[in-house]
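Since every read-out is calculated from the coordinates, none of them should be taken as a lab result. All of these numbers come straight from a predicted model, not from anything done at the bench. Using ideal geometry, Cβ is built from the backbone for each residue, glycine included, and neighbour counts are taken over all protein chains shown.
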Amino acid sequence: MVERPDDSILIIVGDVVGHNQRAAAAMAGLRSVCRLFAAETGDPAAILERLDAYVINEPDARFASMWIARFDPSAGVLTYSCAGHPPPLEVLQAETSDQRRAVALADQLLDGSPRDDDALLVLVDIRISESA
């Protein structure tokens, strides 16, 4: 998360392909560059456009996905942009026991108090596996 001078908050979620040292280094580089771009603009789409230009010269970071959101607490508005990452799911009303548990967990993680009028955003990472 990156706090902006206008009191908005940027929430950044990213992933690169791989589970080795090169992938970790690529993610660290993306994180640093992303924070640099986030200091210059609070527009999620503009940050992703600049990151897209950056990864052209970074072979280990070319296969990355990212989700960036800007939350303006004074207006109660969340604006987001995705690059290779699926968009979030919005759970407006918990209908199943799993959804109710997810909402309760999110409330505990945030500040411990349940809220009836809030929505829960769930980020998912869809993985494709090959079968033998």
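Assuming R0 = 41 Å, what is the FRET efficiency of Asp52 and Ala75, from their Cβ-Cβ distance, to the nearest 0.05?
For Asp52 and Ala75, the calculated efficiency is 0.90.
Quick check: Cα centre of the range 7-33 to Cα centre of the range 54-71, how many Å?
With the range 7-33 and the range 54-71 each reduced to a Cα centre, they are spaced 8 Å.
Label Asp43 and Arg22 with points 7 Å out from Cα along Cα→Cβ: what is the distance between them in nm?
3.5
Take the alpha-carbon positions of the range 2-86, form their convex hull, and give its projected area averaged over all directions (one quarter of the hull surface) in nm².
One quarter of the hull surface, i.e. the mean projection, equals 5.3 nm².
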